[in-house]
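Working notes for the structure below.
The values are calculated or read from the model by the stated rules, or taken from the named source; none is laboratory data. The model shown is predicted, which means the values in this text are computed figures rather than measured ones. Positions of Cβ are backbone-derived with ideal geometry, glycine not excepted, and every protein chain shown enters the neighbour counts. Side chains included, ligands, DNA and RNA excluded: accessible areas come from the protein's heavy atoms. Shrake-Rupley method; radii C 1.70, N 1.55, O 1.52, S 1.80 Å.
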Amino acid sequence: MDIRFENKRIMVTGAASGIGKGIAVRLVQNGATVIAVDKNQDNLNYLVSEQSSIIAAAIDLSDWTSSHDAVKQYFPVDMLVNCAGVVEVLPVTNVTEETYQKLFDVNVKGTISITQAVVTDLLSRNAQGSIVTISSQASKAGLLNHTIYSASKGALDSFTRSLALELGPKNIRVNCVNPTAVMTPLGKRAWSDSSARYAMLAKIPLQRFAEVDDVVNAVVFLLSDQASMITGHCLPVDGGFLSC
């Protein structure tokens, strides 16, 4: 499929590294005007040095009010990819209020806040749109020492389904992608321990972790008109992990 996004303005959060960066770069290659949102100004500067057409927006999504105010200057936005997120892997006995707050402020509150702002803009213009959120296989299966992270991603799945129902009559589609471990630089470090790596791979029928492009391909499809009849869906990109 030749998927193009000419004349589309697409906001991508967490866009300065990892999966978010892969998505932002691909969307530029496919003709979109990309607004790259990230709190790391240095990483944003590096992204723009590589892709000069990208519009960089240094915004801390964990602050509801300031992020709302900051993001409005980049409107109108036709599509949104919620990719900003943090992860903590630790037993439940080691979870602190600070850990909980950190994960839910970014993974849940930040996603809901930015989505609300973009949806308000779309509705004000009576414009159709598409929203894709990066969730995780951890929202659908128990993963050892992932309690708070799993809870935050489960919230995103539920948010996606309910929002799709709410916005469907307005021709705004809402979906999420649920990847297995992805081989970003951070993912490679996180799964470098051989015992943990092989234990996880044993549960994946395709016997490999996801590459960034595996996730990017799914996001691009769901954003596009090729997926015009798909909304409220949480798509596993997991090599069969959840199917077996």
Notebook entry, point to check: Which condition number does residue 235 fail, the rest of (1) surrounded by fewer than 20 Cβ atoms within 10 Å (Cβ to Cβ); (2) modelled with pLDDT of 95 or more; (3) farther than 30 Å from residue 7 by Cα; (4) hydrophobic (A, V, I, L, M, F, W, C) being met?
Noted result: (3)
Notebook entry, point to check: Which residues, taken from region 15-31, are more than 15 Å from residue 59 (Cα to Cα) and in a helix (DSSP H, G or I)?
Noted result: 18, 19, 21, 22, 23, 24, 25, 26, 27, 28, 29
Next item on the list: Could you run through region 26-54 and say how many residues are under 23 Å from residue 221 (Cβ atoms) and open to solvent by 30 Å² or more (accessible area, probe 1.4 Å)?
Entry: 5
Item checked: Single residue of region 74-90 satisfying the filter (open to solvent by 50 Å² or more (accessible area, probe 1.4 Å) and modelled with pLDDT under 95) that is nearest to residue 115 (Cα to Cα) -> 87
Notebook entry, point to check: What is the number of the single condition among (1) part of a loop (DSSP other than H, G, I, E, B); (2) touching a Leu at 6+ places or on another chain (Cβ under 6 Å); (3) of a type in the set (Gly, Ala, Ser) that residue 62 does not meet?
Noted result: (2)
Next item on the list: Quick one: residue 73 ticks every box in (1) in contact (Cβ under 8 Å) with a residue 24 or more places away in the chain; (2) part of a helix (DSSP H, G or I) except a single one, so which number is it?
Entry: (1)
Item checked: Hits in region 190-211 (condition: charged (D, E, K, R) and either surrounded by 19 or more Cβ atoms within 10 Å (Cβ to Cβ) or in a helix (DSSP H, G or I) (or both)) -> 197
Next item on the list: Please state which of the following conditions residue 34 fails to meet, knowing it meets all the rest: (1) under 28 Å from residue 227 (Cβ atoms); (2) of a type outside the set (Gly, Ala, Ser); (3) not in a strand (DSSP E or B).
Entry: (3)
Check: residue 229 passes all but one of (1) among the hydrophobic types (A, V, I, L, M, F, W, C); (2) part of a loop (DSSP other than H, G, I, E, B); (3) surrounded by 22 or more Cβ atoms within 10 Å (Cβ to Cβ); which number fails?
Finding: (3)
Next item on the list: Mind counting the residues in region 80-97 that are outside any loop (DSSP other than H, G, I, E, B) and either free of Cβ contacts under 8 Å to residues at least 24 places away in the same chain or over 15 Å from residue 16 (Cβ atoms) (or both)?
Entry: 5
Checklist line | Among residues of region 232-244, those that are in a helix (DSSP H, G or I) and under 13 Å from residue 176 (Cβ atoms), counted | finding: 0
Notebook entry, point to check: Which residue out of 154, 187, 168 is out of contact with any Lys or Arg (no Cβ under 7 Å at 6 or more places or on another chain), open to solvent by less than 30 Å² (accessible area, probe 1.4 Å), assigned to a helix (DSSP H, G or I) and farther than 21 Å from residue 22 by Cα?
Noted result: 154
